[in-house]
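One structure below.
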Amino acid sequence: MRPKSGLPKRKALRRMPQFRYGFRENPDMAARLNPSLKPTSQRPNSWSVLSMFAGCGGFDLGLLGGFSYLGKDYPVLPFRVVHAYDNDPKTVETYRLNLGHHISEVDLVEADLTEFPPATILTGGFPCQDFSSSGPKVGLAGRRGALYSVMRDYMALHQPAVVVAENVPFLARLHGGKAIQTILEDFRSVGYRFNVWRIFCPDFGLPQSRTRLFLVGVRDGVEGFPAMPTPTHAFQHISIDDAIDDLEDVSDEAIPNQSQYFVATKATKGAGQGDHTSKKGELAYNVRANPKARVHFHYALSRRLTVRECARLQSFPDEFVFPHSASHNILQIGNAVPPIIGHVVGLQLAKFLEAHAAALPRD
């Protein structure tokens with residue numbers, strides 16, 4: 001059967017990536033790697049982080065620092081992840097390959113939080129599908145919409161000094177703003193005060209049109225509050241070709257994941273889920289966690305973007321490898337917090353904690 005476009009149907013490529021190392025074991029990373037990712041280091045004098053809904057590790061990599069992206073170094077930050085949790089086995093495999101074995105495959109709804117380690121900082125990109133503008137918009141009534149409460153329960157039990165919860169911007173508008181207010185009230189009810197940071201990611205160097213909300217909380221009794229980050233690229237956004245132009249002539253695994261892409265004809269239309277083609281010289285479209293609909297087409301080549309190109313647009317360094325099929329890899333990339341955005345948030349947290357080091361000593 002021909003697709004609606006009338007063009008011949010093309011079979012998907014079934015290529016798997018080829019690589020020797022994940023991020024932390026890559027010899028090229030040895031000099032810049034966060035010491036906490038080295039097996040012989042315990043990284044003393046750093047603040048501990050517990051990561052919920054960790055995904056493949058985008059936010060955690062950003063908080064740790066110690067990587068380069070598009071020629072810019074993102075230095076090591078004074079954090080170490082004591083443990084991370086996610087419920088998807090393939091995503092956990094990706095995290096372990098790149099960042100280490102301090103992650104567990106866990107359904108957080110069923111988890112016993114008394115067995116979780118305490119930490120100075122709690123982070124979590126709680127599932128966004130029920131809050132997404134392109135999703136069912138069921139909000140807190142959805143099966144995944146109430147998962148934020150696991151973070152609240154950890155806060156009540158372990159009392160981290162700082163909390164950062166990440167989600168999609170539509171959360172602020174869902175049900176007339178009632179959904180986000182309910183979440184904030186729940187978080188505040190266990191002894192925290194919260195602000196909401198709305199971050200337009202291109203203003204901080206991300207080459208795609210992506211906005212995210214960060215719900216930032218500080219435990220009652222801890223003075224002050226982290227300052228919202230100031231844009232660094234407000235009038236000098238990085239275009240899609242700035243990010244991936246050097247990959248045009250690479251069709252093999254000389255750079256891991258570059259041979260992985262979907263061979264597909266362009267969709268015509270359909271409920272806002274049709275394919276897009278980014279334009280050279282402009283920001284890329286938002287990279288979505290949907291390999292069948294929103295993995296958009298290359299601006300110059302007659303194909304969809306590769307897994308590596310999507311990873312570049314999400315600011316993953318090339319040393320960060322996605323070891324699965326294209327569909328699983330795209331899902332992980334689209335769901336991730338871009339590492340450079342995690343680093344932007346981490347810088348503000350580090351400055352805040354440094355200013356309160358006497359009251360909040362390093363672990």
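The values are calculated or read from the model by the stated rules, or taken from the named source; none is laboratory data. As the structure is a prediction and not an experimental result, all values here were calculated from the model. Glycine also receives a Cβ, built like all others from the backbone with ideal geometry; neighbour counts cover every protein chain displayed.
What to note about this one:
- Condition met for Thr211 (closer than 19 Å to Ile330 by Cα, at pLDDT 95 or above and of a type in the set (Ser, Thr, Tyr)): yes
- Some residue of segment 78-89 being crowded, with 21+ Cβ neighbours inside 10 Å and of a type in the set (A, V, I, L, M): yes
- Cβ pairs under 9 Å, 6+ apart, first in segment 66-82 and of a type in the set (S, T, N, Q), second part of a strand (DSSP E or B): Ser68/Tyr74
- Each residue in segment 84-131 was checked for being within 24 Å of Met29 (Cα to Cα) and either touching a strand residue (DSSP E or B) at 6+ places or on another chain (Cβ under 6 Å) or assigned to a helix (DSSP H, G or I) (or both), and 13 pass.
- All positions within segment 59-83 that are within 16 Å of Ile121 (Cα to Cα) and not in a loop (DSSP other than H, G, I, E, B): Phe59, Asp60, Leu61, Gly62, Leu63, Leu64, Phe79, Arg80, Val81, Val82, His83
- Check on Leu174, farther than 25 Å from Pro339 by Cβ and out of contact with any His (no Cβ under 7 Å at 6 or more places or on another chain): yes
One line per residue, one yes/no per condition, for (1) small (Gly, Ala, Ser); (2) at pLDDT 95 or above:
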site	(1), (2)
Pro8	no, no
Glu25	no, yes
Pro39	no, no
Ser48	yes, yes
Tyr85	no, yes
Pro89	no, yes
Val92	no, yes
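- Residues in segment 156-167 that are surrounded by 20 or more Cβ atoms within 10 Å (Cβ to Cβ) and either in contact with a helix residue (DSSP H, G or I) (Cβ under 7 Å, 6 or more places away or on another chain) or of a type in the set (Asp, Glu) (or both): Val162, Val163, Val164, Ala165, Glu166, Asn167.
- Among (1) in a loop (DSSP other than H, G, I, E, B); (2) under 28 Å from His276 (Cβ atoms) - the single one Val190 does not satisfy: (2)
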